[in-house]
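These notes concern the structure reproduced below.
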Amino acid sequence: MRGSLARIARPLHLRMSDEPSSQKTPDCFHPLLPRMDVQQPSSQALETTEASEDEYSERQSFSTESTFEQNTQPHGSLTLVNGLALVISLQIGAGIFSAPSQVSQFVTAPGYGVLAWFLAGLLVWTGAASFIELGLQIPENGGVQEYLRCCYGEFMGFMFTWNWIAIRKPAAVAIIATVFADYLCHTFSGSESASRLLVKCFGVLGIAVITFMNCLGATTGAKAANVFLVLKLGTVASIILIGSFNILFIKQNGTSAAEQGWFQPDPLDGQFDGLWSWFGGFVTATFGALFCYGGWETIGFVLGDMKNPKKDLPLVSNGAMLVVIISFVLLNITLYLCLPMAIIRDNYTVVVKFAEETIGRWASYFFSIIIAISALGAVNANVFATAKLCVAASHRHYFPRILANMHCNTMKEEDEYLETVLSSVPNWCRALICGFAKRTASLRWQKKVPIFAMIMNGLIASFYVMIGSFNSLVTFIGIAEYFFWFFAVLGVFVLRRRPNPERESPTYRTWAGNPIIFAVVSGMLILRGVLSDPLQGLMIFGVGTTGLVIFYKTFGRAGFQSIN
C-alpha cells in the first residue's frame, strides 16, 4: 500500500517528467517556470513527544513537502494523551478572546449566541469525524491537501494551497494581530474604545516586528510556544472559574445579564427583522465561532506521528472536540451571565470588561497583557508556518521558485541572475533589490531562512489588517476555507466508491451522516455568507480565477486530467 500511496502522492509535474530528457539544464531559470532538477525535500518526524504549537505549525507547512518522496519512516511517538493535548492546543487560539463580541453583534439574544457556538462545534465535529476516515485511508502527512489531491486530482490540491497562502493564513494572521492590537491599546491607553486606525497601525506594527525577527532567523522555540499555550488555556479556564464564582457567591441570580432574557429579542434591535435576515446574521455569527474552532482539520497532520493511529485517532479527535466545545460554550455562558449583551457587543476586548466587572480594574490590565502576549506568540507561529508553506508550494512549482531559493543553484550565481532578470527595470529599483538580496544572502542560502516568503506574507497580512475588520475577515476566511472542507469531506464517498485493490480495507468508517451533514450545512453557510456580502464572494472568486490561470499556465491541460 505504501508504494501505491507514494505514487499517488507524487505531483503531476514530477510524474510527467519521469521520462529522460536529452536537454541540458541551465544553471539559472526564470523564477516562474518549473524546474525539474531540484532535489525535493522529504518530511521529518517530530523528535519529541512534547510537541508544541510552534513545532506543529511548522510541521503543517513541511508536511506538504512529504509527498515528493515515499514516506518510509515508521509511526512517530505521539501517544493518546500527547495527541489529545496537541489538537486541543491548536483549536484554542487567541481569537476566542474577541470573537464573543463578533458573535453577539449578529444574534438577537444571548441564547442564540450560545446556540451558535454549540452548533458550530457540532458542525466541525462531523467534519473531524469524516477526516478520521480520510486520514486512515490516505496516511500521508499532507492533511487536507492530500485528501483533495487523492480524491479530485492535482488541480484541487493546487487550489487549496493557493487559497491557503493567499487568503486563509494571512487573513488569520491579520485577525490575530488585530486581537493583539486591541488588547495592547487598552493596556497603554486604559480605554476600550481606541481609534480603529490606531488599532490597525499597531496590528501592522506587530506583524512587521515578528516578520523582521523571523527574517533574522529567530524563532520562539518549543519552550516559549509552550508558555503561550499555557497562557491561552489558563486564561480560558480562569474566565470560567472566576465567572462561576461570581455568579454563585456574589450575584446569586443565575440569569442572563441581558435584560430581555436568554431568547427574547431586544425590542430596540431591529437590524434582523424577518427570518431570512435573522438567518443571515446567525450565519455570520456562526462563521465567528467556526474561526475559533479552527484547528480541527489538523487531525490529518497528527496522524503521521501517532504510535497507534488506528486505535488512538478516533479517541483523539472525539475527545478534543468534546473538551473544546464544552470550554467554548461555558466561556460564553459565563460572559453572558456576567455582562450585559450591549457591553459584549460594543467591546472586542470583552475580557477586559469581564475582569473589571468581576474583579476590578487592575485585573483588566493583567488580562490585557496576558492576551496581547499570547496573541503575539500566535502571530509568530503563523508567520513562520506560512513562510514554510510557501517554500513547500514553491517546491511543487505552485509558487515562484525564488520563494524557496530555487532560482539559482548557488549563492554566487545570484548576482548575475538578478542583473539579467532585472535588466529592464529602473536602475534605482534594480540597485535596491540587488542590495537587499546581497545583504540577506547568507541568511537565505546558509541558514535557509525563507525571507522572501515571509516578506510576501507579511505584506498580504498587513493589507488585510488595513482594509478589513474582525467581522469581515472572519466571514472572508469562513467562506474560503469551508468551500474546500465541503469537497474534502465528500471525498469519503469518493474513496468508498473508487475501486483500489492495493488499498487496505478501511478499519474505520465514519457514520455516513457525518459527511452529509457537514457538506449540507457548509454549503448553506457558504451560500448565505456570499449573499450577505457579495463583495467578499467576488474577491474570493477573483483569487480563485487567478489561481486557475496560474495552474493552467504551469501544468497545462494535463493538470486537469490528473485524478489519483
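Which residue is surrounded by the fewest Cβ atoms within 10 Å (Cβ to Cβ), if the candidates are limited to segment 327-368 and must be more than 16 Å from V236 (Cα to Cα) and among the β-branched types (V, I, T)? Of everything passing the filter in segment 327-368, I343 is surrounded by the fewest Cβ atoms within 10 Å (Cβ to Cβ). Among the residues of segment 459-501, those that are under 20 Å from the mean Cα position of the chain (by Cα) and outside any helix (DSSP H, G or I) comprise G468, S469. Is it the case that segment 417-440 has a residue that's in contact (Cβ under 8 Å) with a residue 60 or more places away in the chain and aromatic (F, W, Y)? Looking through segment 417-440, at least one residue is in contact (Cβ under 8 Å) with a residue 60 or more places away in the chain and aromatic (F, W, Y).
Scanning for something small (G, A, S) and under 22 Å from the mean Cα position of the chain (by Cα), does segment 398-411 turn up at least one residue? Walk me through how you get there before you give the answer.
Step one: filter segment 398-411 for residues small (G, A, S), giving 404.
After this cut, where a residue has to be under 22 Å from the mean Cα position of the chain (by Cα) as well, the list is 404.
For segment 398-411, residues small (G, A, S) and under 22 Å from the mean Cα position of the chain (by Cα): present.
If I filter segment 282-293 for residues that are at pLDDT below 85, of a type outside the set (F, W, Y) and open to solvent by less than 50 Å² (accessible area, probe 1.4 Å), do I get at least one hit?
Just the residues of segment 282-293 that are at pLDDT below 85, to begin with: none.
Checking segment 282-293: not a single residue is at pLDDT below 85, of a type outside the set (F, W, Y) and open to solvent by less than 50 Å² (accessible area, probe 1.4 Å).
If you take the residues in segment 503-557 that are among the polar types (S, T, N, Q) and part of a helix (DSSP H, G or I), which one is farthest from the chain's Cα centre (by Cα)?
Among those residues, the one meeting the criterion is T554.
State all residues of segment 174-198 that are within 14 Å of I467 (Cβ to Cβ) and either more than 16 Å from the chain's Cα centre (by Cα) or aliphatic (A, V, I, L, M) (or both); if no residue qualifies, say none.
Just the residues of segment 174-198 that are within 14 Å of I467 (Cβ to Cβ), to begin with: 174-175, 177-178, 196-197.
A174, I175, A177, R196, L197, listed by residue number.
Look at segment 542-564: where a residue is at pLDDT 85 or above and a partner is outside any helix (DSSP H, G or I), sitting 6+ places away or on another chain with Cβ atoms under 7 Å, you get T554/P34; T554/H397.
Scanning segment 175-187 for residues that are closer than 13 Å to C201 by Cβ and of a type outside the set (F, W, Y) yields A177, T178, A181, D182, L184, C185. Among residues that are modelled with pLDDT of 90 or more, surrounded by 18 or more Cβ atoms within 10 Å (Cβ to Cβ), within 30 Å of Q105 (Cβ to Cβ) and touching a Leu at 6+ places or on another chain (Cβ under 7 Å), G478 is included. Across segment 344-360, a minimum of one residue is classified as among the small types (G, A, S), part of a helix (DSSP H, G or I) and out of contact with any strand residue (DSSP E or B) (no Cβ under 7 Å at 6 or more places or on another chain). For segment 516-530, the condition of being loosely packed, with under 15 Cβ neighbours inside 10 Å, under 30 Å from K310 (Cβ atoms) and modelled with pLDDT of 90 or more holds for at least one residue.
The values are calculated or read from the model by the stated rules, or taken from the named source; none is laboratory data. The shown structure was predicted, so the numbers you read here are calculated from the model rather than taken from an experiment. Every residue, glycine as well, gets a Cβ built from its backbone with ideal geometry; the counts of neighbours run over all protein chains shown. These accessible areas exclude ligands, DNA and RNA; they are computed on the full protein's heavy atoms, side chains included. Shrake-Rupley method; radii C 1.70, N 1.55, O 1.52, S 1.80 Å.
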